[in-house]
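Data block below; observations after.
The values are calculated or read from the model by the stated rules, or taken from the named source; none is laboratory data. What you see is a predicted model, and the numbers here were worked out from it, not measured in a lab. Glycine also receives a Cβ, built like all others from the backbone with ideal geometry; neighbour counts cover every protein chain displayed. The area values use the complete protein model at the heavy-atom level, side chains included, leaving out ligands, DNA and RNA. Shrake-Rupley method; radii C 1.70, N 1.55, O 1.52, S 1.80 Å.
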Amino acid sequence: MLENAAVATRLPAQDLARARAFYAEKLGLEPVEERPGGLLYHPAGGGEFALFETAGAPSGTHSQMAFNVDDIDAVAAGLRARGVVLEEYDLPGLQTVDGIAEVEGNYPSKGGRGERAVWFRDSEGNMLGIGQPI
């Protein structure tokens, strides 16, 4: 039924102007389209996501959207340089070192053994992830 459908992420934002500033200043992303109550993004690497204005708040307890990158060390350093705080974990099976975790068996490995990953929250409390397949 959905095998030919494109996937797109929708993220809640209580303050759309604040969210737009975060995505521009911290992540280097600009919307390709603006409407009252929403922003649409098409990152150069593919996919799309939208921010929509709402009074509701995200749970922030799990990854709501993730980016795949080739060099997570460089991306993590760039995020830190822009003031993004990376989540730190010290749990059984999930430990971060300088904000980066190695997660066995986690996607997007696509046949590999897992991924290196970081997580952070956007200005609205959405939990975002970044992964590098290993």
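For this structure, a couple of remarks:
- Normalised by 2.2 N^0.38 Å, where N is the number of residues, the C-alpha radius of gyration of the chain stands at 1.08.
- Rolled with a 1.4 Å probe across the full set of protein chains, the surface gives residue 54 an accessible area near 40 Å².
- A cut-off of 5 Å between modelled amide H atoms, ignoring neighbours fewer than 5 places along the same chain, links residue 54 with 13, 14.
- On the chain, 52 percent of the accessible area sits on carbon and sulfur atoms, based on a 1.4 Å probe.
- Estimated from the Cβ-Cβ distance and a Förster radius of 30 angstrom, the FRET efficiency linking residue 33 and residue 113 is about 0.20.
- Residues 113, 121, 20 ordered from highest to lowest accessible area at a 1.4 Å probe: 113, 121, 20.
- Loop chymotrypsin sites (Phe, Trp or Tyr not before Pro), the stretch 42-123 (other Cβ atoms within 10 Å of the site Cβ: 15 or fewer; DSSP): 89
- When the P(r) is computed for the stretch 1-71, the part past 15 Å accounts for 59% of the Cα-Cα pairs.
- Per residue accessible area in Å² of the stretch 17-134, where ligands, DNA and RNA are left out and the probe is 1.4 Å: 55 Å²
- A probe of 1.4 angstrom, applied to the heavy atoms of all protein chains, finds residue 97 with accessible area near 100 square angstrom.
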